Structures are given as structure tokens and as C-alpha cells.
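Where a number appears in this text, it was derived from the coordinates with a stated rule and is not lab data. Since the structure is predicted, the reported quantities are computational estimates derived from the model, not experimental observations. Cβ sites come from the backbone with ideal geometry, for glycine too, and all protein chains shown count toward neighbours.
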Amino acid sequence: MSTWIPESASNLAASVDNITLFVTIVSVFFFVLISAVLVGFAIKYRRKSEDQETAYITHNSLIETIWTIIPAILLMVIFAWGWIAFKELRNPPAEAIEVNVVAKQWLWEFEYFTGKKSLNELFVQQNKPVRLIMRSDDVIHSFFVPQFRVKQDILPGGYQQLWFTPTKVGTFDLLCAEYCGSGHSQMLAKVNVLSPEAFARWEKGDELEEGAVVAASSISPVERGKDLYSQRGCLACHSIDGKEVIGPTFKNLYGKTEILQDGSSVLVDENYLRESIYEPEAKMVKGYPPTMPSFKGILSEDEVTALIEYIKTLK
Amino acid sequence: MSTTAQHAESHAHGHGLGETVTHNAAKFGMWLFLGTEILLFGGLFAAYALFRAKYPDLFYESHKKLDISLGTINTIVLIFSSFTMAMAVSAAQKRNRKWLMILLGVTFICAAAFGVNKYFEYSAKFHHDIFPDTNIFFALYFMMTGLHMLHVFLGMGIILALIIMAKQGRFKEGNRYTPVEVGGLYWHLVDLIWIYLFPLLYLIG
Amino acid sequence: MANGVMTQTQYIPYLAQKGLKSWILTTDHKRIGILYLVTISFFFMIGGLTALGMRYELMTPELDFFRSTTEYNVAFTLHGSLMVFFFIVPGIAASFGNFLLPLMIGARDVAFPRINLLSFWIYLAGTAILLFALMQPADTGWTFYTPYSIQTGAKVIMITLGVFVLGFSSILTGMNFIVTIHKLRAPGMTWSRLPLFIWASYATAILQLLATPVVGITLLLLIAERAFDIGFFDPAKGGDPILFQNFFWFYSHPAVYIMIIPAFGIISEIIPVFARKPIFGYKAIAYSSFAIAIISFFVWMHHMFVSGISETAAAIFSFLTMLVAIPTAIKVFNWIATLYKGSIEFHSSMLYALSFIVLFTIGGLTGVYLGALAIDVHLHDTYFIVAHMHYVMIGGTVMGFFGGLHFWYQKWFGKVFNELTAKAAWFLVFVGFNVTFFPQFFMGFQGMPRRYATYPAEYISYHAISTYGSWILGLGILIMTVNLLLPLMKKSNYPKSSNPYGSLSLEWQVPSPPPHENFDKIPTVTDWTYSYGKNRSEANAKK
Amino acid sequence: MSTHDHSEEHHTGLRVYGAVCLTLFVLTAVTVYITKFDFGDMNIVVAMIIASIKAGIVALYFMHLKFEDKLTWIYALYPLFLLFLLIGFTIIETFTRVPVIR
Ligand code: HEA
Ligand code: HEA
Ligand code: CUA
Ligand SMILES: [Cu+2]
């Protein structure tokens, strides 16, 4: 039933879906009842003549009591059920594996207990409960994976937690669900649910080097740069078609002369691009805020090269 | 069906309301408005409650920087002004124009004294580099007393208008002292809110 | 209730006086009602056009209509703030409320006509500030959530100030109405005879009076936060962003009932007239408005279930949210029961009223999804919310508003519109509305977050349908608007009768448009407002 | 309807108002004085009780609430109820939050 609810890929989805189904049944029942009676009355009692007889009925305590009590009972059931399922969502099991999450305008950083880090991509193991410990560096963001039926706002100045057990191998969208500024709709990331074997390999750092799922060697640097551009969240701040987003556009960037904050100018070449990615604050472009995070330790030299190759193609 | 005319009052000025109705309506309207004032300050009281519960030590340490004697004097001044205002309403009821003006005048002076006092308090704070962004306590202090001060100013305007109206002889016969009573209600509220602000800000034991 | 048309010795309609001054300095509640009607309709149009722009943008996943995501964000901020603060909150309460309240209770004006004019001016001042703020529009969303609203480079202070000023207008109107209803009812207009629109206005007035000051102080604190850095809502300074949300929703939840209860009132007036039946369960409808007005103060945290509030608080507020659905359910059932054994005429206003019942039920039932904790976790801040709120606000309030416009049209203006065109417009509005917003429920279930200028491509078909729907809806509204404006410009289209639908309530017992002083003599009410068909049934009983 | 004999008008005079004023002065002195003693958590409670007594006196006598009808009472008390609600629920919410253990 894909138009109706997204596929369920966590242990929590079933209980949320059950109560959703119940509420849907109740709602459809009442909606159909109300519409049918309304349309029925409208047809049956439509005015056929000006002096049509009407009944003088002002109230009926019995029926009024009935239609107060029945919805009241149903609503209490919905409340209780919703709460029970909510308790489950709120209380992680003790054995859950912890992952630190940092949300900032407009990207996601993940840090695993092994010390590994990844950006805009979360790696979790199938059927192993994870507990995310989340903080925000700036404004409120919200961690949302529709297929897991989980969502939690992340407030600055403290930690929020969220847990789930992924049940299906695959890649799922992670969306920022709390409005956080101009990059809000691009604050997307992926959740990669790996089978235990693949996860072990990823942990060891074999094959899946530095978090990349795509095997690096098989594609050209430009294509790889293009992937990185969207995976690493550059697209949140840099357009490739000349539009101003948060940072300067990449279109026609390579080879042009950039005016810096201190008034000096610099030619955009490979070295400048590399420096801009690793140390954005070193040379600030005039007229932009210092919002770009440093990608040192996140992007490997290879990846930066790929990005630069990609940027060079954008004319 | 039957449509009889409304009784004697309908001829009167305005849109045909008797003065009693107007008087009661105005008073009732003012009470409703006072309710909104309570909730306007309510946000600040709620913030106060929350932050005080969160940071008791900060509140205790910061409040020491407030001048209790100035606060006490202001409390006394404001209570006294409430008293003279109540007396003024009573004078208006008795159509005693002279006393009405005197009492309103005293109320006004008290209000002004309160303002002057507050001015010294604020400037002393600024002098010691205490501003609304110093910490949450002082943010609350400035927001609460500042909003209250705004109400004092508004109240002073109302009292001044009442004095002028009294001078013009507007509160002579009938129920026409309504403005005095309604203005008085407003002024008492200003006092009432201060009664809470004083211990909350100055007297944190 | 006075059945016969009242004799008006010197009938001078309230519209007779001409000239700008006679409008902007008027203390006549009917004219003030018109002033509100015109301004809120204007803002509805502007807000609607912004929405059309947003929908156009969302037709494809990429950015194509707006130049940047920020522009889109500004657009929905503007759309939300205009629609909520400038159109729907003052909306029916201020326009129809002002016009009808004294007429319906048999008074010459509201209790404080000059304060009434003052509220309108304050409203205008608020709109002026807003228009000024448009030069540097904010991009915070209509909810102004901190700390984003503190940190954004956009100028938030101006728009906040505009909304703050508007609040006073709301407060004064609420105060005025409560006093009027208490003190100025005509002799014999007892509480149990009062038209339900008046009951609804009273319940709304309570909310306006007592909820608005809290948003007032909240916005003031936000301004102070930006201007003086006071740090109440800023975690970096020991503040609490959730406190802002608490304050904001303490007002804004009751505000959604400020929006809907007057529409309930209109529906309760239209249905009995066109069904020629007494309203079913009068007392239940009247009291349930009050129940809603009271309970709605206790449910605000249901907007914050995933914002990091405690589980205890979430449970309490989910429970209370369920409670508020009960009085609403009562009303829906009562309206339908009123149709039973009636004689139903499908006047355009009745069509709006009937579609109100259907659409509001959808909106309300989806509200129950959101009130249930576990479901809200999945649906919060998705298009499901967008669909829910438009179903209650357009399917509910706007349908009620349009119904009221068609029902009291000749009372306001002394003209009649083309009924056939009105029905055609209704059809387009009804269809267009559903096509626009029904797909959004599915989109929300699928996980499409709200406030997204661009979106993952998988949602494209829902978005495209929704955009086409908005065009149908816009066309319907356009036709309706033209249909209602045309008669005003002509020197014809006068109504044949001053009480064409055979209504029993007081405002229809005076000529249309009403005379300047409303009533020659203040009437004495002797019967219930809704005793439709009573005489006949009494006669039948005797037989 | 004559304008003078209706029940709303109460000629409360100098004696009552004077007594009220003095009581308020005394209570002010008391609140300031008792800050010298430490009742622990009860400090704020005691201070608020005294403030409420003072506020009550102001409302009842200066503002004539004592002589007002039920309706005015309702609208004087309902905002207070809402205020408690706002404060109460906000506090409950904040202090039932479970800290995230890292
Ligand atoms: C006119 C405005 C209006 C009205 C009347 C309502 C009515 C209701 N709303 Fe809605 N709501 C909004 C406007 C409105 N809402 C807006 C604007 C938002 C979004 C704000 C934002 O974030 O921007 C919102 C958001 C919103 C949320 C927050 C969602 C989120 O952000 O996560 C919730 C959660 O509980 C909610 C619940 C409800 C409920 C339970 C009702 C109830 O009152 C509905 C009661 C009615 C019925 C239930 C139907 C009739 C009853 C029957 C037919 C009986 C049978 C029924 C049963 C047995 C179930 N609403
Ligand atoms: C009263 C309240 C109200 C009303 C009436 C509307 C009306 C409409 N709304 Fe809006 N809406 C809100 C209140 C309202 N909205 C709020 C509070 C938000 C949340 C904002 C936020 O997140 O901060 C929101 C958000 C919102 C969104 C989500 C934005 C996002 O989250 O990214 C969308 C998207 O589809 C939308 C669409 C529409 C549409 C198509 C209409 C249509 O019904 C509009 C119909 C009107 C017209 C079409 C104009 C009149 C017609 C003419 C002038 C004729 C000319 C037209 C033609 C020839 C076609 N609205
Ligand atoms: Cu981060 Cu939206
Ligand atoms: Cu709500």
C-alpha cells in the first residue's frame, strides 16, 4: 500500500501503523456515516414545495447522550493506545548502540563509538537497536526517517535522544523536519542499513573507504565529485546553475578572480579550492557569512580532488 | 409579535443607553481589560517561575545587587497612591470637585515619584554595567519593571486626563464620574502588579 | 420573536452617507463591519496569491519559480502570517461579528462604539506596520520559532511588532463584544433565546480577550530578545527555546478556535433557515462552544509532542486534546440532525454550509490523528499537518465565511447576486479545494516535510495534482468574487423582500440594508430564535 | 431609573481606605522584615502569601470587588486561573523532562 503509508523498516513501525489503522477505521466510519446521512437527508428532505411540512423537533436527550458518549469512549481508546506506542518510541533498550549526531545548518554529522565519523550518511546495522544522541550547533532541527516512523527535534544547548532497530537492509532518506532556514529543504541525508557482514566490513574500513558506499574506483573523478556534491551537502549552500543560495555558486567559479573580505583578490585555482574546502575561514569571500563548516577529516584528499574536478566542469 | 418600546432610558444621549448601563458596562469592560493585563504580565511571571526554579543560585546572588530600600520606598509610594486614588473616586462619587482634584494630583505626584525613583535605580544599574543581557535574572528584572513602568506612564496619562476633565467640571451630576472609577481601577492594577514584583525581584530570601 | 416586518418611521439605510470621512470616522458597528470585511478580504486575496506562487513553485522538485529557497521561505511566512493574523483571526469575528451582533440581540450598537472604531484603527496600524515590514520580509514561518527567529538575518522585529499591535485590536473587540452581549440585549432576549451566532461570538470573545495577551508578551519578548539580547529563549544564555513554544501555542492553539467558532456560529444560523427546522440541540451547541473555549486553553502542547517536551506532559496534553474533540463532535451531529424531516432549500449559502460539515469533519478527524501521540511523531511537520490545517481553516472557516457572505449579502448591501453563478463558483471551490489538499494527506503519510522549497522527486505527482487543484480553487474564488462585486456597481439588483429566506432572527426583521439606528424602537423578544415551523406544528397538534 | 440609589455605588470613605492603606504598609514592612529569617523553600511561599493578601485587599476594597456582581468576580478570577495553568504546566513540563544519559 505504497500510496498510503511508506514501507516500514524499523521495529517501531508496526505499532505506529496499528494505531494509525485503528484511527483510520474510526475516521472513515464516521466520515462515511456523516456524509451518507447528510447526503441522504439532503435528497430525501429537499424542498419540493413551498409549504412542505417540517417536523418541530428541538432536541432528544437520549440520542444526544449516545453521540456524546460513543466518540468519547473511542477518543479515550485512541489516546491510551497512542500513549502506549509513544512510550515504546521514547524508551530505548539498554543494549542499544550509541551514535552521536550533530545537526547544524545544514548538514548532519555522525560519530560512532569506534571513533569513526561520517557526514550526511548514517551507517547502522540491521536488527541492532541504535540510540542516537543528538545535539544541534545552532537552531532547532529535526531527525526524521519516514520508513522508521521516528522523529525528534534537536534543540541547541542540550541532548535529545531517539532510538530504533532497523529491520531492512537498504538506504533510506533522512529529512530535517523542523524549519531551520534557507537550507532546510536541502538538509537531507541517507541512512544506510547494512547487513551484519557489510557493517563489519564498513567498521574495519575495508572497501567502503571513509564511509563511501559507492566503490570509488569504478567511476571517473568528475562523476564522483558530482555524487559528493550532493552527498556531502555542498548543494545546500552552493548551486551549480548560477543561483545564489547561501554560499557562492560553483558555476563559472574555476578560473575567476574572487574578491575577499579584506578587499584583496585571489584567482580561483586548484589550491584555492582545496583551501576553501579544508579551511573555509582562511580566505573569506566578500559578502558571505562564515557559515561553511570545515571538511578537514571528513573529506579525504581524493574526494577533494574529485570535487575540484567536478567544479572545474561547471561552466 | 409584540414590540414594545424600551423604557425611559432610550431617549438619552449616545445610542440610547441609560447612564447606569453605561456606567456598569464601562466598569465591567475595564475588569475584562484588567484580566488581559494580568495575562500580559503572566508570560513574564511564567518565565520567572521557570528560570527561578532552574537557577535558584543565580537569582539569589543577582538579587543582592538590587536596592531593597529603594524598592521598599517605591512600594510604599505606590500603595499610598492607590489609597489616594481610592479616595479620589470616593470624592468623585460625592461630587466633591476640589478634593477630587487634590487627590488626583497627589496620586499623580506619587506616580511621578515612583518614576523618578526608578530612574535612579536604572541608572545605578547601568552604571554598574548591569544590562538586560547581563543574565536571565536581570533580563527578567528589566522586562518586568520596564513593562510595569510603561503601565505607570500610561496611568499617569490617564490621571492627567482625569484632572483636566475634573477641572472642566465634567464630573458633576448623575453617574458621570465613570471615567474616574474606571481610571482608578486601572491604577489599582498597576499597584497590584507591583505588589508581586517587589518580593519576587527584591526579596529573594 | 417578532415575525412581522417592523415599521421604520424614517428609514435611512446605514449606507446612505457618502464620503471618506463618513467611513473612517464612523462609530456605526455596521460600517466598521464593512471596513473589516474589506480589509480582511484584501489580505485573503494577497495571502491566496502568495499561496498560488508557492504551489506553482512546488509543481516540480527543483527551484524554478522563486530565485532562492529564502524567497520561498519568505513566501510561506508571509502566507501564514497574513492568513492567520490578518485574515482569519480577526476574520468572521470582526466583520460579521460587528455587523450582526447588535442587530441580532436587538441593540443600536455595541457597548463602546468609539473603542470599536479604535480597534479598527489599531488593526489598520498593524497592517501598516506589516506592509512596511514587507520591505524586509522575515523568513521564520508564522510560528517565529526561536532560536532561528533570533539568529536569522531577516528583519523579524517589524513583522512581530505588526502582529503585536494587531493583538490589541483583537483584545478590545473581544472586550467590547462580551460587554455588549451582557449589557445590551433587548428585553426578552434571554440567554436561552440568543441566536447561536451570538453564543459563538461570546465564546470567541473570551478567547480573544484572554489568549491574545500571552502572544503579545511572547512577541514582545522576542523583540527584546533581538534588540537587547535578553536570552529567555536562547540556550546559549541559559534560556529555553521550548518556553517560547509554550508561550506561542498557549495563544495559538486557542487562536485556532478563534478562527473556527464564529464559523460554527454562521453554520448554526444558515442550516435551520434553509431546512425550516429549529436547530437541533440548541443548548448542546451553545454550551459546547463554551466547552471548546475553556478546554482549548489546556491543549497547547499537542503542537510540541516531538519538540523535546517530557513524556508526562505529552501524555497529559494528548488526553486533553481528545477531550476537545467531543464538544465539536456534538455540534457536527446536531447540524445533521437539524436536516432530519426538514424542507431543505439549496441556496448557495446552504451549499457552503453543507460542504462545511463534510470538510470540517475531515479536518477534525485528521486532528485526532495528530492528537494521538505515536501517530503525531510520524506526521508532525509533514504535509499531513498542512492538509489538516487547510481542511479546518478553508474547509471550515473559509467555507463558513463564504456561506455567511452569501447568506447575509443582501442584509449588508441591499443587493442580490446571481444565484446560478454563485452555485457554479461553489462547485469549483469545493472541487478545487479537495484536489488541492486531499493529496497532501498522502504526501504527509509518505513523509514529505512541510516548509520545503525543494523536495525529493518521489513526491512529485502529489505536488503536481495539488498545484492543479489550487488553480481550480483560485478560479472558483475569482468567479465568486466577481459575482459578489458586480451587483454593487450596478444601479439594479435590489432584493424583492427584506426577509427572503423567512428567517426568524432579529436582523432579518429590519429592512436591508438596515437603517442607521438599526431599530426604530428596541424590540421586545417573546420567542426562541429558532422556532421554525412551530406555529404549524402547534396547529397540527390541535387538529 | 434614578441614578443614585443603585447598588453599585458604595461610598466607602476615609476610615476604611485609611485602615486598608495602613494594613498594606504593615504587610509591606512584614515582608521586608521576614527576609531576615530563612524558611528555606518556604521563603517564596511566605512572600507570595503575603503579597496575595495585599493584592486581595487592594482588589476587594480599593477596587470595590467586594461589591461587584458574580460576573465581575468570574472575570477577575478566570485570568488568574489561566495564569496558574500557564505557569503550572510549563513547570511540570520542564521538570519532568528526563535527562539524556550519555
Ligand atoms: C480552524 C483551525 C483548527 C481547528 C478547528 C483545529 C482542530 C483540531 N486540531 Fe488542529 N491545527 C490547526 C488548526 C486547527 N485545528 C493548525 C493551523 C495547525 C498547524 C499549526 C502549525 O504548526 O503551523 C494545527 C495543528 C494541529 C496539531 C499539531 C500537529 C503537529 O504539528 O504535530 C494537532 C495535534 O494534536 C491538532 C489537533 C487538532 C484537534 C484534535 C482538533 C479538534 O478540535 C478537531 C475536532 C473535530 C472532530 C474530531 C471532527 C468531528 C467529530 C466527529 C465526527 C465525531 C467522531 C470522532 C471521533 C470518534 C474521533 N492540530
Ligand atoms: C486562513 C488560513 C489559510 C488559508 C485560507 C490558506 C489558503 C491556501 N494555502 Fe495555506 N497556509 C496557512 C494558512 C492558510 N492557507 C498557514 C498558517 C500555513 C503555514 C505557514 C507556515 O508554515 O509558516 C500555510 C501553508 C501552506 C502551504 C505549505 C507551505 C510549506 O509548508 O512549504 C501550502 C502549500 O501548498 C499552502 C497552500 C495554500 C493554498 C493553495 C491556499 C488556497 O486556498 C488559497 C486560495 C486563494 C486564492 C487562490 C486567492 C484568491 C483568488 C484570486 C485573487 C483570484 C485570482 C486567481 C486565479 C486566477 C487562479 N499553504
Ligand atoms: Cu535542519 Cu531543517
Ligand atoms: Cu492546536
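Would you please state the base-10 log of I(q)/I(0) at q = 0.14, 0.17 1/Å for region B:29-202, with intensities from the Debye formula using one equal scatterer on every alpha carbon?
-0.75, -1.00
Excluding same-chain residues fewer than 8 positions from C:Lys277, which lysines have a Cα within less than 19 Å of its Cα?
A:Lys44, A:Lys48, C:Lys331, C:Lys341, C:Lys534
About its Cα centre, how strong a charge dipole does the protein assembly as shown have in debye, to the nearest 20, once Lys and Arg get +1 and Asp and Glu get -1 at the Cβ?
4320
Per the Cauchy relation, a quarter of the hull surface: what is the mean projected area of the convex hull of the alpha carbons in region C:395-497, in nm²?
7.7
Have a look at the DSSP beta bridges in the protein assembly as shown and tell me what percent are antiparallel, nearest 5.
On the way: 34 of 48 bridges.
If we restrict to bridges inside the protein assembly as shown, about 70 percent are antiparallel.
Residues with beta-carbon under 13 Å from that of B:Gly184, excluding B:Gly184: net charge, scoring Lys, Arg +1 and Asp, Glu -1?
Neighbourhood net charge equals -1.
How would region A:260-315 be classified by its alpha-carbon gyration tensor: rounded, prolate or oblate, with rounded meaning a/c under 1.5 and the a/b versus b/c comparison settling the rest?
Here region A:260-315 falls in the oblate category.
At what distance in angstrom do the alpha carbon centres of region D:42-85 and region A:245-299 lie from each other?
Cα centroid of region D:42-85 versus Cα centroid of region A:245-299: 63 Å apart.
For region A:97-214, what proportion of DSSP beta bridges, expressed in % and rounded to the nearest 5, is antiparallel?
So the antiparallel bridges amount to about 70 percent of the total.
Using θ = phi - 60° and the Karplus curve 6.51 cos²θ - 1.76 cosθ + 1.60, what whole-Hz ³J(HN,Hα) does each residue of region D:42-54 get, with Gly and Pro shown as x?
Calculated HN-Hα couplings, in order: 7, 3, 5, 5, 4, 4, 6, 5, 4, 4, 5, 4, 4 Hz.
Say R0 is 51 Å: what FRET efficiency, to the nearest 0.05, do D:Lys66 and C:Val416 get from their beta-carbon distance?
0.35
For region C:19-151, just list the percent of Cα-Cα distances falling in each 5 Å bin from zero outward, please.
Pairs per bin, as whole percents: 2, 10, 16, 19, 15, 12, 9, 7, 6, 3, 1, 0.
Of A:Val77, C:Pro213, B:Ser69, which is farthest on the positive side of the dipole of the protein assembly as shown, counting Cα position, with +1 on Lys and Arg Cβ, -1 on Asp and Glu Cβ, and the Cα centre as origin?
C:Pro213
Please compute the Kirkwood hydrodynamic radius of region C:105-186 from all pairs of different C-alpha atoms, in Å with one decimal.
Evaluated over region C:105-186, this radius sits at 14.4 Å.
For region A:1-88, what mean projected area does the convex hull of the alpha carbons give, in nm²? Write out the running numbers ahead of the final one.
Details: hull surface 35.2 nm².
Hull-based average projected area comes out at 8.8 nm².
Semi-axes of the equivalent ellipsoid of region A:221-312: what are they in whole Å, largest first, if each equals the square root of 5 times a C-alpha gyration tensor eigenvalue?
19, 14, 13
Let me know the volume per residue of the alpha-carbon convex hull for chain C, in Å³.
So the per-residue hull volume is 148 Å³.
When the Cα atoms of region D:12-96 are enclosed in a convex hull and the volume is divided per residue, what value in Å³ results?
It is 90 Å³ per residue.
Choose one answer from A:Ala13, A:Ala42, A:Ala200: the residue with the largest mean-square fluctuation in a GNM of chain A with alpha-carbon springs under 10 Å.
Greatest mean-square fluctuation among the candidates belongs to A:Ala42.
Rank the residues A:Asp51, B:Asp191 as a footprinting-exposure proxy: fewest other Cβ atoms within 10 Å of their Cβ go first.
In increasing order of surrounding Cβ atoms, one gets A:Asp51, B:Asp191.
Check cross-link reach from A:Lys296 to the aspartates and glutamates: straight Cα distance under 14 Å, and skip same-chain residues fewer than eight apart.
Within the straight-line cut-off, A:Lys296 pairs with A:Glu109, A:Glu210, A:Glu275, A:Glu279, A:Glu281.
With a Cα-only, solvent-free Debye model of chain A, what are the log10 I(q)/I(0) values at q = 0.13, 0.14 Å⁻¹?
-1.00, -1.11
Report, in whole Å, the centroid distance computed from the Cα atoms of region B:19-55 and region C:285-323.
23
Could you list log10 I(q)/I(0) for region C:226-328 at q = 0.10, 0.13 Å⁻¹, which the Debye formula gives when each Cα is one point scatterer?
Here log10 of I(q) over I(0) equals -0.42, -0.61.
Please work out the C-alpha center-to-center distance from region C:414-436 to region C:113-137 and express it in whole Å.
31
How big is the antiparallel share of DSSP beta bridges in chain A, given as a percent to the nearest 5?
70
In what sequence do A:Ser294, B:Ser69, C:Ser498, C:Ser512 fall when counting other Cβ within 10 Å, fewest first?
Details: A:Ser294 13, B:Ser69 9, C:Ser498 18, C:Ser512 22.
Listing A:Ser294, B:Ser69, C:Ser498, C:Ser512 from fewest to most nearby Cβ atoms yields B:Ser69, A:Ser294, C:Ser498, C:Ser512.
Taking all pairs of different Cα atoms in region A:97-214, averaging 1/r and flipping that mean, what Kirkwood radius in angstroms comes out?
For region A:97-214, the Kirkwood estimate is 14.2 Å.
Which of rounded, prolate, oblate describes the protein assembly as shown, given a ≥ b ≥ c as roots of the alpha-carbon gyration tensor eigenvalues and a/c under 1.5 marking rounded, otherwise prolate only if a/b is larger than b/c?
Taking the square roots of the gyration eigenvalues as a ≥ b ≥ c, the protein assembly as shown is oblate.
Given C-alpha coordinates of region B:48-128, what is the ratio Rg to Rh with the Kirkwood estimate of Rh?
Dividing the radius of gyration by the Kirkwood radius yields 1.20.
Sequence gap of 8 or more, or different chains, plus Cα separation below 26 Å: how many lysine pairs satisfy both in region B:83-188?
Step by step, the pairs that qualify in region B:83-188 add up to 4.
Once amide H atoms are built 1.01 Å from N in the peptide plane, which residues 5 or more positions from A:Glu98, or in another chain, come under 5 Å H to H?
A:Arg131
Counting other beta carbons within 10 Å of each residue's own, what order do C:Thr436, C:Thr39 fall into, fewest first?
C:Thr39, C:Thr436
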